Amino acid sequence: QVQLMESGGGLVQAGGSLRLSCAASRNIFSMNVMGWYRQAPGKQREFVAIITSGGGITFADSVKGRFTISRDITKNTVYLDMNSLKPEDTAVYYCKALYMGKEYWGQGSQVTVSS
């Protein structure tokens, strides 16, 4: 079992920045993949960014150059740094972990970007 606790969402003006954190209940090196997804109102959940246990990173085209993903092994935490935010980035952001062949999700963190 893996518990994921997200924090750091909020309201920001367009062009601003936010940092999301995802704290895991297990050593994050044991996770095959950890990442971030988001779901805007009326839309399907979509991929944002992932980081593998080996450190490989992938971003969705819509956030490349604006978002970064990183991890702190000592805190078992993965971060999503979001810069140059746009109103279309408004969504509930979910942390996801793939561990022992199972998916685990956080509770979600609301990010609202005002124009």
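Considering only Gly55, Gly35, Gly101, give the residue with the highest GNM mean-square fluctuation for the chain, with springs between Cα atoms whenever their separation is below 10 Å.
Highest fluctuation among the options: Gly101.
Assuming a strict under-26 Å limit between Cα atoms, what lysine pair count do you get for the range 42-115 once near-sequence pairs (fewer than 8 apart, same chain) are dropped?
The number of close lysine pairs in the range 42-115 is 10.
For Ser25, Ser109, Ser115, give me the order by solvent-accessible area with a 1.4 Å probe, most accessible first, ignoring ligands, DNA and RNA. If you can, show how the numbers build up before the last one.
Working: Ser25 65, Ser109 15, Ser115 135 Å².
Result, largest first: Ser115, Ser25, Ser109.
Please report the net charge: other residues with Cβ closer than 12 Å to the Cβ of Arg38, K and R +1, D and E -1. Before the final figure, lay out each step's value.
Values: positive: Lys43, Arg45, Lys96; negative: Glu6, Glu46, Glu88, Asp89.
Taking every other residue near Arg38 into account, the sum is -1.
Kindly provide the pair-distance distribution of the chain built from C-alpha pairs, with 5 Å bins from 0 and whole-percent values in order of increasing distance.
Calculated P(r), rounded to whole percents: 2, 13, 25, 26, 19, 10, 4, 1, 0.
Tell me, what HN-Hα J-couplings in whole Hz come from the Karplus equation 6.51 cos²θ - 1.76 cosθ + 1.60 at θ = phi - 60° for each residue of the range 17-33, using x for Gly and Pro?
Each residue's phi maps through the Karplus curve to give 9, 9, 10, 9, 10, 10, 8, 9, 7, 10, 4, 5, 5, 7, 7, 4, 8 Hz.
The values are calculated or read from the model by the stated rules, or taken from the named source; none is laboratory data. Predicted, not measured: the structure shown is a model, and the values here were computed from it. Note that each Cβ is placed from the backbone with ideal geometry, even for glycine, and that neighbours are counted across all protein chains shown. Quick note on the areas: whole protein, heavy atoms, side chains included, nothing else; ligands and nucleic acids left out. Shrake-Rupley method; radii C 1.70, N 1.55, O 1.52, S 1.80 Å.
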